Amino acid sequence: MNNTSSLLLGTRRHHVHGRHAVVIGSGPNGLAAAIVLAQAGYGVEVHEAQAEIGGGTRTLPLTLPGFLHDFGSAVHPMAIGSPFFSTLPLEQHGLAWVHPPAPLAHPLDDSTAVMLERDLGDAERALGVDGARWHSLFEPLVGHWMQLAEEVLQPIVHIPRHPLLLARFGIPALMPARFFANTFFKDARTRALFAGIAGHSFLALEAPLSSSAGLLLGAAAHAVGWPSPRGGAQSIANALASLLQELGGVIYPNSPVAALDGFSRDTLFLCDVSPRQLLSISGHRLTDGFQRGLRKFKPGPGAFKIDYALSEPIPWKAADCRRAGTVHLGGTLDEIAASERAVARGQHAERPFTLLTQPTLFDATRAPEGKHIAWAYCHVPNGSTVDMTERIDAQIERFAPGFRDCVLARHISPPALLESMNANLVGGDISGGAMTLRQTLLRPSRRSYATTDPNIYLCSSSTPGMGGVHGMCGYHAARTALVRSKGIA
């Protein structure tokens, strides 16, 4: 992995543009905001608390020498399918996508796997009795992916440019995933497949809106795929940082910002931080009422993550799993629903729904020759201190007997460690806040990206666009800031 310091200018300098902006945090949203501001002619500096840029898109040697693991997200359908990122020449800055033969495998206890094929026609044939229904549900979304992404990765309340398309997505997206799967699909195998995709929502499958992740990520699988960046997620951050540097921006790693008072009062601030951090660094500049609203913002469930160094590929019983970039380990719809319901109730599932990827099947740059890595996590209550290692290992072993014999080393990341490595991950919450109806409509307030200070904006996944590596929170926040400051027409 390239050393990100080669992209950075470590000496503070004064900008000559006349308009100055500071971005707090170098995650994908922070870097997206910085690029929008630099494109508009602002002098931009980005301050990152950690030694490496990227936030949730860092790649680190977490286990053994030569094994490169993604700290946060590893598979990136929303990045390759981002309406903003797709306008940027990121390939010219080193970003290359690796597409597995199939986006997703969902193994079952009968030693087979339900496959989500990338081609919609192939998916229709693979899903048998439910194939035609799957095709009819997803074809309108797949055929207009960028328009759909533009509609959903912004504030919910807006004047839609594509109202019929948004309705085709939004009406079923409001449904509980369990109800949706049982209503639209006949085969238990297809229901399990959809339940696993919907499980990315971090919601109980009986909850409203839990179908939204299933529909959006299912459509993305056919429209743009579920690829990984060659070399790891850090490649996304490096490409964005390289482009920002080309535009004149400067990034300062190891530069935590404890308060905004150290900068000029007329500086424009874009904050890729959680509402809790925003209060800490700028609370005195915000009205009392706005501060009270931010304090009420609820984090979502946490994640318990394990990175594995492996001596060989995972020995799946279902050979098709080796074609897939992502594997969902959860069994039936009922079992996945029980796991996610337990988390929603503040409990820990005995058989946790586990999301897993093994990037080295398709990208040999991530481990020494002949060796492999795997990345897996499950959902837990926010701030959980329960060790889920044995339960995650057991879920993998269930579908891949002999897996434990392949493990050379593990790196365990409970919620507290995730937060210590990225302060935005409050209590291990990787989604930017609970996906309640209120926090979907008002995220984190009715002002969306703006605050009560005209020079301070929030651009993290706690704003509309929500979790996922797509940069749209940063894009919309920066556009809002520029319009309000008359930086653009």
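Quick look at the numbers
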{"quantity": "Lone qualifier among Arg133, Arg191 - being basic (Lys, Arg), part of a helix (DSSP H, G or I) and either at pLDDT below 95 or over 30 Å from Gln347 (Cβ atoms) (or both)", "calculated": "Arg133"}
{"quantity": "Selection from the range 155-193 of residues that are touching a residue at least 40 places away in the same chain (Cβ under 8 Å), within 24 Å of Gly300 (Cα to Cα) and not small (Gly, Ala, Ser)", "calculated": "Pro155, Ile156, Val157, Phe169, Pro172, Arg178, Leu193"}
{"quantity": "Selection status of Glu151, within 14 Å of Gly218 (Cα to Cα) and either open to solvent by 10 Å² or more (accessible area, probe 1.4 Å) or not hydroxyl-bearing (Ser, Thr, Tyr) (or both)", "calculated": "no"}
{"quantity": "Residue list for the range 430-479, filter: farther than 14 Å from Lys298 by Cα and part of a helix (DSSP H, G or I)", "calculated": "Met472, Cys473, Gly474, Tyr475, His476, Ala477, Ala478, Arg479"}
{"quantity": "Qualifying residue in the range 226-242 (condition: open to solvent by 20 Å² or more (accessible area, probe 1.4 Å), closer than 17 Å to Glu124 by Cα, touching a residue at least 40 places away in the same chain (Cβ under 8 Å) and touching a Ser or Thr at 6+ places or on another chain (Cβ under 9 Å))", "calculated": "no"}
{"quantity": "Residue among Val75, Val36 that is in contact with a strand residue (DSSP E or B) (Cβ under 8 Å, 6 or more places away or on another chain), among the β-branched types (Val, Ile, Thr) and at pLDDT 95 or above", "calculated": "Val75"}
{"quantity": "Top-ranked residue of the range 215-225 - restricted to ones that are closer than 30 Å to Pro61 by Cβ and open to solvent by 10 Å² or more (accessible area, probe 1.4 Å), ranked as nearest to the chain's Cα centre (by Cα)", "calculated": "Leu217"}
{"quantity": "Residues within the range 154-188 that are open to solvent by less than 10 Å² (accessible area, probe 1.4 Å) and modelled with pLDDT under 95, tallied", "calculated": "1"}
{"quantity": "Looking only at the range 278-319, and only at residues there that are touching a residue at least 24 places away in the same chain (Cβ under 8 Å) and among the hydroxyl-bearing types (Ser, Thr, Tyr), the one that is farthest from Pro414 (Cα to Cα)", "calculated": "Thr287"}
{"quantity": "Matching entry among Val343, Val273 (being under 30 Å from Ala478 (Cα atoms), open to solvent by less than 70 Å² (accessible area, probe 1.4 Å) and not aromatic (Phe, Trp, Tyr))", "calculated": "Val273"}
{"quantity": "Top-ranked residue in the range 403-460 [being charged (D, E, K, R) and closer than 20 Å to His348 by Cα; ranked as nearest to the chain's Cα centre (by Cα)]", "calculated": "Asp429"}
{"quantity": "Ala96 being on the phi < 0 side of the Ramachandran plot and open to solvent by less than 20 Å² (accessible area, probe 1.4 Å)", "calculated": "no"}
{"quantity": "Test: residue in the range 386-408 that is of a type outside the set (A, V, I, L, M), more than 30 Å from Val114 (Cα to Cα) and open to solvent by less than 30 Å² (accessible area, probe 1.4 Å)", "calculated": "no"}
{"quantity": "Selection status of Glu124, farther than 28 Å from Ala32 by Cα, in a helix (DSSP H, G or I), open to solvent by less than 70 Å² (accessible area, probe 1.4 Å) and not hydrophobic (A, V, I, L, M, F, W, C)", "calculated": "yes"}
{"quantity": "Gly55, sole failed condition from (1) closer than 28 Å to Ala376 by Cα; (2) touching a His at 6+ places or on another chain (Cβ under 9 Å); (3) of a type outside the set (S, T, N, Q)", "calculated": "(2)"}
{"quantity": "Complete set of residues in the range 357-381 that are closer than 15 Å to Leu104 by Cβ, among the aliphatic types (A, V, I, L, M) and open to solvent by 10 Å² or more (accessible area, probe 1.4 Å)", "calculated": "Leu361"}
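The values are calculated or read from the model by the stated rules, or taken from the named source; none is laboratory data. Computed from a predicted structure; not experimentally measured. Here the Cβ is made from the backbone with ideal geometry for all residues, glycine too, and neighbour counts use every protein chain on show. Note: areas computed on protein heavy atoms with side chains; ligands, DNA, RNA excluded. Shrake-Rupley method; radii C 1.70, N 1.55, O 1.52, S 1.80 Å.
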